[in-house]
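The values are calculated or read from the model by the stated rules, or taken from the named source; none is laboratory data. Here the structure is a predicted model, which is why all the values come from computation and not from measurement. We place every Cβ from the backbone using ideal geometry, glycine too, and count neighbours over all the protein chains shown. Surface areas here come from the heavy atoms of the whole protein model, side chains and all, with no ligands, DNA or RNA. Shrake-Rupley method; radii C 1.70, N 1.55, O 1.52, S 1.80 Å.
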Amino acid sequence: MLSRDAVRWAFVVGGMLLLGGCELSPEQLMERGLDRMREGDYAGALADFDAVVKLQPNDVGAIQWRARMYEFNREYRLALHDYNEAIRLGTSNSTAYSNRGYILATAPDDSLRNGQAALADMQQAIKMEGEVTYLLKPKLATVYTELGDFQTAIRLQEEFVNQPDEFLIKDAARERLAQYRVGKPYRAPAK
């Protein structure tokens, strides 16, 4: 009969084998995933975040980062699933709500879009933040275009574009503003 320690060791080694011999801790996998994401290796980052979720199914941070990688890969249905899971687990991060709302407002697949649900998510994100933050404004603007309220969308997008901070996304924000001015909502790119 095996001792309790031997059984635990066999379980750990077996788990490593299932992960392809990975000897990294969930924290190390998470850090490597974030590094890979910063380097633009979204497939590698997705694999690392997925490994963390397999090891720690309730790790809200890993679930949210995996959802973000699904967004980057234009796998919106999978991203929504993960944001739903992060919210179900009780995330205290407004990003899960704002990113889910953004997908619900901008998904290229009509069956995924839901303007009212997107607005509810944005309102929750704003409540969690305590205000309409600078980075929430363009996301909220997309929601209003989905709802057909281009006047509010234009105001929010103008406020974002006219902020003194210089982000790389300003050109894209100006392009969206031009779209909104002609009554055209933004749609995320299709796969």
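Per this entry, S92 is counted among residues that are more than 30 Å from Q179 (Cα to Cα) and either outside any helix (DSSP H, G or I) or open to solvent by less than 20 Å² (accessible area, probe 1.4 Å) (or both). Looking only at residues of the stretch 52-92 that are among the hydroxyl-bearing types (S, T, Y) and without any contact (Cβ under 8 Å) to a residue 60 or more places away in the chain, we find that the one that is nearest to L24 (Cα to Cα) is Y70. Restricting D121, D110 to residues that are open to solvent by less than 40 Å² (accessible area, probe 1.4 Å) and acidic (D, E) narrows the list to D121.
Tell me, yes or no, whether the stretch 138-155 has at least one residue that is open to solvent by less than 10 Å² (accessible area, probe 1.4 Å), charged (D, E, K, R) and free of Cβ contacts under 8 Å to residues at least 24 places away in the same chain. No, because not a single residue in the stretch 138-155 is open to solvent by less than 10 Å² (accessible area, probe 1.4 Å), charged (D, E, K, R) and free of Cβ contacts under 8 Å to residues at least 24 places away in the same chain.
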